[in-house]
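The values are calculated or read from the model by the stated rules, or taken from the named source; none is laboratory data. Small disclaimer: the values here were computed from a predicted structure and weren't measured. Every residue, glycine among them, receives a Cβ derived from its backbone with ideal geometry; neighbour counts consider all protein chains shown. Keep in mind that these areas ignore ligands, DNA and RNA; they rest on the heavy atoms of the full protein, side chains included. Shrake-Rupley method; radii C 1.70, N 1.55, O 1.52, S 1.80 Å.
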Amino acid sequence: MTILEILKEIKPECDFEASSNFIDDALLDSYEIVELVEAMEDEYGIFIDGMEILPENFVSIEAIQALVDRSEKQE
């Protein structure tokens, strides 16, 4: 499952592909970020450090992918 697919599962009504900043566009709130982190940890078998759960890591698919990549390297 891709990050976009996970995002669409969490908020199917949102057009993540049309947004350049998920936080500024209010597509993700803190609760949804926690849901996303849990889903990515399950899907990719990674652990995302709590110190990495910052708004700037969730502004775009690219930022989220970079977070996943960093977390995979720490495993």
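Quick look at the values:
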| item | result |
| --- | --- |
| Over the stretch 1-44, volume per residue of the alpha carbon convex hull, in Å³ | 65 Å³ |
| With every protein chain in place, the chain: carbon and sulfur % of accessible area (1.4 Å) | 50 percent |
| Simple spin-label estimate for Ile53 and Lys8 in nanometres, 7 Å along Cα-Cβ | 2.6 nm |
| Semi-axes of the equivalent ellipsoid for the stretch 25-65, Cα gyration tensor, largest first, Å | 16, 11, 10 |
| Neighbour-limited loop hits for GluC sites (Glu not before Pro), the stretch 2-46 (at most 13 other Cβ within 10 Å; DSSP other than H, G, I, E, B) | Glu13 |
| Solvent-accessible area per residue for the stretch 1-74 (1.4 angstrom probe, square angstrom) | 59 Å² |
| Volume of the Cα convex hull of the chain, divided per residue and given in Å³ | 77 Å³ |
